[in-house]
Each structure stands twice: as C-alpha cells, then as structure tokens.
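Data block below; observations after.
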Amino acid sequence: MIKKCLFPAAGYGTRFLPATKATPKEMLPVLTKPLIQYGVEEAIEAGIDTMAIITGRGKRAIEDHFDISYELEHQIKGTTKESLLTEIRKVITKCTFSYTRQVEMKGLGHAILTGETLIGDQPFAVILADDLCDNQESSDGVLAQMIKLYEKYKCSIVAIEEVPMEETHKYGVIAGKEIEPGIFMINDMVEKPTSEDAPSNLAIIGRYILTPDIFDIIRKTKPGKGGEIQITDALMTQAKNGMVLAYKFQGKRFDCGSVDGFVEATNYFYKESKK
Ligand code: UTP
C-alpha cells in the first residue's frame, strides 16, 4: 500500500515573479484554495495520510497553512465565516505533515532524493502541486487511478498526456510499447526535447508513483539538461533495469506554473463552482 506522498515544493517559481518573490508558488490560490491544498486533497482521496513536503527558503507559509491558526479561529468562531475553514481543518486532522529543506535547488530529481529521510524504504507517490488535476468524468482522482495500477504492476509509474508537438520542449517525453489501452511500458524518455528530437508527444505531468530503489539511482545520476539532476534520467535507468510504466490518466490537468494555465484553471474551477 502507498501511504506517503512527497511534494517537491522548493523551486523558485520564476515564471510567476514578482508574485513568487516572497510567496511560495504552491500557495497561489485557484479561487480561494492554494495549489498545494488541492494536491494534498487528491492524495487523501487516494488513501494517503502522510504528506512529506520538500521546501526551501521563503516557503514557511506552506507549513503555516497546514497548521491551526488559533487567533484566527478564535476571531471567526460562531460567525458565518467559520465554514470557510472547514475543508482545511479536515485536511489537518486527517493526515500528518513532515518537512525537509532542499538547501540547493539542483533539480526535481535532487528534490526527490532530499525526501528520502521522510519516505524511507517504501513505494511512494509524488505530486507537483503546480500541475492541478481534476478527475472530471472519472470517479477517481489521478493519483487514485495510478495507485490502482501500481497494485497490479508494482513498479514506478508516471502520468502522461498528449501535448502538441511544438510544446514537447516543456516536458519529459516518453516512448514505449502500449501493453494495455493507455498504459505504456517505457523504452525511451527525453527531458524537454525539441519537437524534432521528441520520441512522441506523450508528456510526463506532475504525478508519479516511485519504488524506493529510485533513491540509489538518483544518487548515481549525473546532472542532465540545464545542469539539474533530472528525475527523467533516473527513471530511464530504472526502466532499463526493469520496468517503468506511463499511464494516460483520465481527467484534466492545468499547468498552474504558467500564467496561461493558471488563468485557465481559475476559469474552469470558477465555472465548476457555479454548477
Ligand atoms: P519547475 O520546473 O516548475 O520549476 O519545477 P520552478 O522553480 O518551480 O518554476 P519556474 O520554472 O522557475 O517558474 C517543477 C517542480 O519541481 C520542484 C518545483 O517546486 C516544482 O514543484 N523543484 C524543482 C524542486 O522542489 N526543487 C528543484 O530544485 C527544482
């Protein structure tokens, strides 16, 4: 069973400057809820109760968010506004949160390795909170769908979606053999390829299930694209040693790390809230 979810949240969020100068990107709200709370709720829905968050300098607001604010609670107790804190209170009581800092931002692979002390020797989930997912017509959230698949195959799994070829340079891109509809056994993976170099248009999004041998693999992985330790390079090694799956999830994803995706998500969730 997968009981822990890692949230790498140490990045600088430069695409959202100046908003992210003193506020973590993960705390930017879509409507009234910060991105990271959507992620935590998706993990809870998938049966996870232990959240491990990789933070960095200037990310204190994340810890404060998942804590009780006694002054505030006291102030609004008995007023109509009290209900606005119901959801976050539920989140706080349902799970535990632990934090560790990534001292140098050496890439997503490095951030995941930093989480080893919080995860230990067990398979775990990873959510990049700036990829906001909504399950739409599917009854399960994206992570819950992936955990079901993990129970069958017991290997690392990445979530993928088709993107226009001209956008492959923004993602890790996979190629593989389709072993079931929408499920690929990965045989190639390239980080942020140009459309000419991309092995397909199947892009990795911010949801992963990882087996714990990934930590040793990351430790041995040399810096790749952009001088960063890339999780895609480590996953490619894992795929060569055994098997890594890519899963075309059901639902919708918004790249809230970009202004366009963030606005799209805001409009979408606003419309949903009015239904
Ligand atoms: P991004 O590529 O979106 O980078 O990282 P970023 O710094 O957050 O944003 P931009 O590109 O400067 O606007 C993908 C995810 O990996 C985490 C980020 O927090 C984000 O969730 N990350 C990235 C780390 O935790 N540490 C790193 O060293 C790099």
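Summary table
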{"item": "Single match in Ala19, Ala9 (criterion: within 13 Å of the ligand (Cβ to nearest atom), surrounded by 13 or more Cβ atoms within 10 Å (Cβ to Cβ) and more than 20 Å from the chain's Cα centre (by Cα))", "result": "Ala19"}
{"item": "Qualifying residue in segment 262-275 (condition: closer than 25 Å to Ile186 by Cβ, surrounded by 15 or more Cβ atoms within 10 Å (Cβ to Cβ), small (Gly, Ala, Ser) and modelled with pLDDT of 95 or more)", "result": "no"}
{"item": "Identity of the residue in segment 22-39, in contact with a strand residue (DSSP E or B) (Cβ under 7 Å, 6 or more places away or on another chain) and touching a residue at least 60 places away in the same chain (Cβ under 8 Å), that ends up surrounded by the most Cβ atoms within 10 Å (Cβ to Cβ)", "result": "Glu26"}
{"item": "Scope segment 35-57; condition out of contact with any helix residue (DSSP H, G or I) (no Cβ under 6 Å at 6 or more places or on another chain) and assigned to a loop (DSSP other than H, G, I, E, B); matching residues", "result": "Gly47, Ile48, Asp49, Gly56, Arg57"}
{"item": "Single condition Ile76 does not satisfy, out of (1) away from the ligand (no atom under 16 Å from the Cβ); (2) in contact with a strand residue (DSSP E or B) (Cβ under 9 Å, 6 or more places away or on another chain)", "result": "(2)"}
{"item": "Tally, over segment 169-178, of residues that are assigned to a strand (DSSP E or B) and either in contact with a helix residue (DSSP H, G or I) (Cβ under 9 Å, 6 or more places away or on another chain) or closer than 19 Å to Ile229 by Cβ (or both)", "result": "4"}
{"item": "Those residues of segment 95-146 which are in a helix (DSSP H, G or I), within 14 Å of the ligand (Cβ to nearest atom) and closer than 20 Å to Phe66 by Cα, in sequence order", "result": "Leu118"}
{"item": "Residue tally, condition without any contact (Cβ under 8 Å) to a residue 60 or more places away in the chain and part of a loop (DSSP other than H, G, I, E, B), over segment 147-168", "result": "3"}
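The values are calculated or read from the model by the stated rules, or taken from the named source; none is laboratory data. Nothing here was measured: the structure is a model prediction, and the numbers come from that model. Note: ideal-geometry Cβ built from the backbone for every residue, glycine included; neighbour counts use all protein chains shown.
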